[in-house]
Amino acid sequence: VRRLTLPPETDAFLVTKLHNIRYLTGFTGSNAMLLLWGGTDAILYTDPRYTVQSKQQVDCKIIIATGPMAKRVVKDVARRGVSRLGFEGDQFSYAQYEGLKKQLPSRTELKPFSGTIETLRMVKDAAEIALIRTSVNTNSRALENALKRLKTGITEAEFATEIDYQSRKLGAESPAFDTIVAAGERAALPHAHPGAAKITPGMLLIDMGAFQAGYASDMTRMVHLGKATPRYRKAYKAVLEAQLAAINAIRPGVKTAAVDKAAREVLKAHGLGKEFVHSTGHGLGLEIHEPPRIGKKDKSVLKAGMAITVEPGIYIEGWGGIRIEDTVLVTETGCEILTPTPKELREI
Ligand code: ZN
Ligand code: ZN
């Protein structure tokens, strides 16, 4: 168990979000709760399906609950005389809260906290960085392997499936999100769902990510089938310039809003400010989207060890869209672009 300081004015903290439980204990099962007493004192609750697995993965006390898990948690809370129990207010349903409140001794106060573990998770340790690096490399290799099978006439869905297949073959557990393959005008939809549309000569937007050993990667690349038009070349150059400007702004101590601004200013100068409709990026790790956000109004400050994406894009209805995205690691002196896939305009 990772050593942890309890949130202020609590005697114990109940973690119910599985990604946070995995982060703190290494447990990867689909049903668990974790009760933390501060330091490395903790109890993991799970069900009989995970009797063997929990023992292999977790080094704290484990309770295999045969009935409702919350009931076992309440028993330990009462036995240890907890008067202030913290819980993840942004993860609990109203029904869960009511249920827990009803069962707890009346003198136990329930105190909600938001983003407590997520804040710790923002800065990755060396082992996590190594896993993100592996995931990013798998993702880039999967793209190259899939591109060998790209030809006009196949559907977006077929090509997205090819990407997922190549990624699994290289060691990914699953895509980190639904792979986006958007051809031509459909590239104007930032989160297009690949469908029956055939891939024809013209622009193709590919946004893909892998989960490998639990850790996410995320990359967007454009390829152009056939010769690119002058308009596409111009727009591609502008987006790449914006992406590089944002990356250039990344170093410890900088507000994430400043990174967003760097990309936005470049696109504005190219007359494409209004076409950049989303934020510049997001943190990633055990989840594909996690803090910090890299947006216009975000107040997070970059720290060495954060893994973030940089992904400005422009979207023009009736024409198409261009996005370029890398996974980037904040380092002591600046940043390192983890994604090895080149970004020069690509015609195939
Ligand atoms: Zn992406
Ligand atoms: Zn992304």
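Every number here is computed from the coordinates shown, using simple stated rules; none is lab data. All figures in this text were calculated on a predicted structure; none of them were measured in a lab. Don't worry about glycine lacking a Cβ; one is built from the backbone with ideal geometry, like all the others, and counts go over all protein chains shown.
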Task: Area projected by the alpha carbon convex hull of region 195-299, averaged over all directions, nm² - done: 8.5
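Per DSSP H run of n ≥ 4, the term is -39500 (n - 2.57); total these for the chain, divide by its residue number, and report the mean residue ellipticity at 222 nm rounded to 500 deg cm²/dmol. Each step should come with its number before you reach the end.
Numbers: 9 runs with 111 residues, N = 348.
So the helix-based figure for the chain works out to -10000 deg cm²/dmol.
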TODO: For GLY320, list long-range residues whose amide hydrogen, built 1.01 Å from N in the peptide plane, is under 5 Å from its own amide hydrogen.
DONE: ALA188
Task: Extent along principal axes [Cα atoms of region 98-162; Å; largest to smallest] - done: 67, 32, 15
Open item on the list: A 30 angstrom limit on the alpha carbon distance is what I want to check against. Which of LYS237/LYS297; LYS17/LYS343; LYS101/LYS124; LYS124/LYS151; LYS297/LYS343 exceed it?
Closed with: LYS17/LYS343; LYS101/LYS124; LYS124/LYS151
Open item on the list: Quick test of the membrane-span-like rule: which DSSP H helices of the chain reach at least 15 Å along their long axis (C-alpha atoms) with mean Kyte hydropathy at least 0.0?
Closed with: 126-147, 256-269
- [ ] Please sort by residue number the trypsin sites (Lys or Arg not before Pro) in region 226-301 whose DSSP state is loop and whose Cβ has at most 15 other Cβ atoms within 10 Å.
- [x] LYS227, LYS274, LYS296, LYS297, LYS299
Task: Ranking of VAL310, VAL74, VAL15 by count of other Cβ atoms within 10 Å, fewest first - done: VAL74, VAL15, VAL310
TODO: Sticking to Cα atoms, compute the Rg of the chain to one decimal and its Dmax as the biggest Cα-Cα distance, whole number, in Å.
DONE: 22.8, 72
TODO: Starting from the Cα of SER30, step 7 Å along the direction of its Cβ; do the same at PHE177; then give the gap between the two resulting points in nm.
DONE: 2.3
Open item on the list: 7 Å from Cα along Cα→Cβ at both THR66 and LYS296: what's the point-to-point distance in nm?
Closed with: 5.8
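Can you pull the semi-axes for region 55-96, root of five times each eigenvalue of the Cα gyration tensor, sorted largest first, whole Å?
On the way: eigenvalues 79, 46, 32 Å².
In descending order the semi-axes read 20, 15, 13 Å.
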Task: Sequence-separation-based contact order of the chain, relative, with Cα cut under 8 Å and 6+ spacing, percent - done: 14
- [ ] Work out how far the C-alpha atoms of region 28-182 reach from end to end along every principal axis, then list the three figures in whole Å, largest first.
- [x] 67, 31, 31
Task: Dipole axis of the chain (+1 Lys, Arg; -1 Asp, Glu on Cβ), positive-most option in ALA42, ALA142, PRO190 - done: ALA42
TODO: Counting other Cβ atoms within 10 Å, keep those with at most 16, restrict to DSSP loop, and tell me which chymotrypsin sites (Phe, Trp or Tyr not before Pro) in region 45-100 are left.
DONE: none
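Taking each pair of distinct Cα atoms in region 164-249 once, what is the resulting Kirkwood hydrodynamic radius in Å?
Details: mean 1/r = 0.0693 Å⁻¹.
One over the average 1/r among Cα pairs gives 14.4 Å for region 164-249.
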Task: Cut-off under 5 Å, modelled amide H: who pairs with MET306 long-range - done: LYS124, VAL330
